[in-house]
1. Given H placed on each backbone N at 1.01 Å, which residues far from residue 210 in sequence or on other chains put an amide H within less than 5 Å of it?
2. Got the relative contact order for region 155-286 handy, in percent, Cα pairs under 8 Å and 6 or more residues apart?
3. Please give the direction-averaged projected area of the C-alpha convex hull for region 1-125, in square nanometres with one decimal.
4. How many nm separate the modelled label positions at residue 156 and residue 187, each set 7 Å beyond the Cα in the direction of the Cβ?
5. Read phi for every residue in region 75-81 and hand back ³J(HN,Hα) as whole Hz from Karplus 6.51 cos²θ - 1.76 cosθ + 1.60, θ = phi - 60°, with x for Gly and Pro.
6. Any chance you could check the Cα centroid distance between region 208-286 and region 128-197 for me, in angstrom?
7. Leaving ligands, DNA and RNA out of it, report the carbon-plus-sulfur percent of the accessible area of region 16-136 at a 1.4 Å probe.
8. On the full set of protein chains, 1.4 Å probe, figure out the accessible area of residue 58 and give it in Å² to the nearest 10.
Amino acid sequence: MEIARLDATLGAEIRGVDLSRPLDDDVFAAIERAWLEHAVLVFPDQRLSDDAHLAFTRRFGRLEQGIRRRGGRVGISRLSNVDAEGQVAPRTSLQARFLDGNTYWHSDSSYKRIGAKASILAARVTPSEGGETEFADMRAAYDALDADMQAWLADKVAVHSYEFSHAPFGGLEILNAEELGHLPPVEHAVVKVHPETGRRNLFVGRHASHILGEDPAESRALLARLTEEGAQPPRVFAHRWRPGDLVLWDNRCVLHRGRPWPADQPRVMIRTTVAGDALDNEWAAA
Ligand code: OGA
Ligand code: MN
C-alpha cells in the first residue's frame, strides 16, 4: 500500500489496496492511521459494489441512519440528479434543489445531536467537467487563527440547525412532520477537540446558525466568515472524480462541498455515513 500526500495540509492518495476484499486487520489499521493523520483519503479506481462499500464502511463503526428513517437500504444513499425515469432532473426540481445545498461548506450531519464520524463517497457516473468535491482542513484553520480569536472562541457553543441550512433547498418539503420532529436545533462547541487525535479544530459550516449567548445576526456572520476564511489554500484540495473513485473523510475535523457541473449532465454518487461513536447515539443503526 502506498500513501502519497496531496498538495495541501490535508489529504492523501492511497494505492495498492483492493477495498472490494475483506481487509486484514493490519492493513485496516494502517488505513485508519493514515486517515486520522491526513483526515481525507482518496482511493482511485476501486469500483466497489454496494455490498463491498457497506462492508468497508462498517470497519469504522456503526452505520448512520438517514434523515428519512424509512425506505431503502439503511446505510446507502444515492446522491444523484437522475430521476426515477432515468432522466436528468430539471434544475428546479426538488431533487436538484436539495443537492444544491451540498455546494456550501459543511460537516455531514452536524445538525444532529451527534454528528457523523466518517463519510465514504464513491463515483458511479461523472460529468465531463465540474462536479469536484472540495475538502477543507479545519484543524489547520483553527491553528491559523490569531491567539485572541482562539481565546474568545474557546468556550463558545454554536447552534446547528437542519431547518436553518435546508429550508432554502427544499429541506422542509422532503420530510414529514414526524421526521422534522427528530431534527431539532442542537449545540456543538465551536472549537472541537478531536476524540482520537486530541487536536483542536474549528467546527463550523452551513448548518451552524449562530452562537449561543451572542447577537444572532453578528454571530451568524462571524461563523460564515470563519468558514470562508478557514477554507482557503493551503488548507483545501479538490478531488476531480472518475467513475470508481472512493473518498473517505473525517467529519469531526473536515468541511467539504460539491462544485457545480453542467445541469444537463448526469452525476451519480453512492455514499455511506459512519455514525458518531457515542454509545447513546440515536442515529446509529443497530
Ligand atoms: C456528501 C456531499 C458533495 C458532492 O456526499 O456528503 O456533500 O460533491 N457531497 O457530491
Ligand atoms: Mn456532505
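The values are calculated or read from the model by the stated rules, or taken from the named source; none is laboratory data. Everything numeric in this text was worked out from a predicted model, so none of it was measured. Neighbour counts run over all protein chains shown; Cβ positions are idealised from the backbone, glycine included. Ligands, DNA and RNA are stripped out before the accessible areas are found, and what is left, the full protein with its side chains, is counted by its heavy atoms. Shrake-Rupley method; radii C 1.70, N 1.55, O 1.52, S 1.80 Å.
1. Those qualifying (amide H under 5 Å, at least 5 residues apart or on another chain) are 159.
2. Dividing the mean separation by the residue count of region 155-286 yields 21 percent.
3. The number I arrive at for region 1-125 is 9.3 nm².
4. Label-label distance for residue 156 and residue 187, simple model: 1.6 nm.
5. Ordered by residue, 3J(HN,Hα) equals x, 9, 10, 9, 9, 9, 9 Hz.
6. The distance from the Cα centre of region 208-286 to that of region 128-197 comes to 7 Å.
7. Taking all protein chains in place, region 16-136 shows 47 percent carbon and sulfur surface.
8. Solvent-accessible area, nearest 10 Å²: 140 Å².
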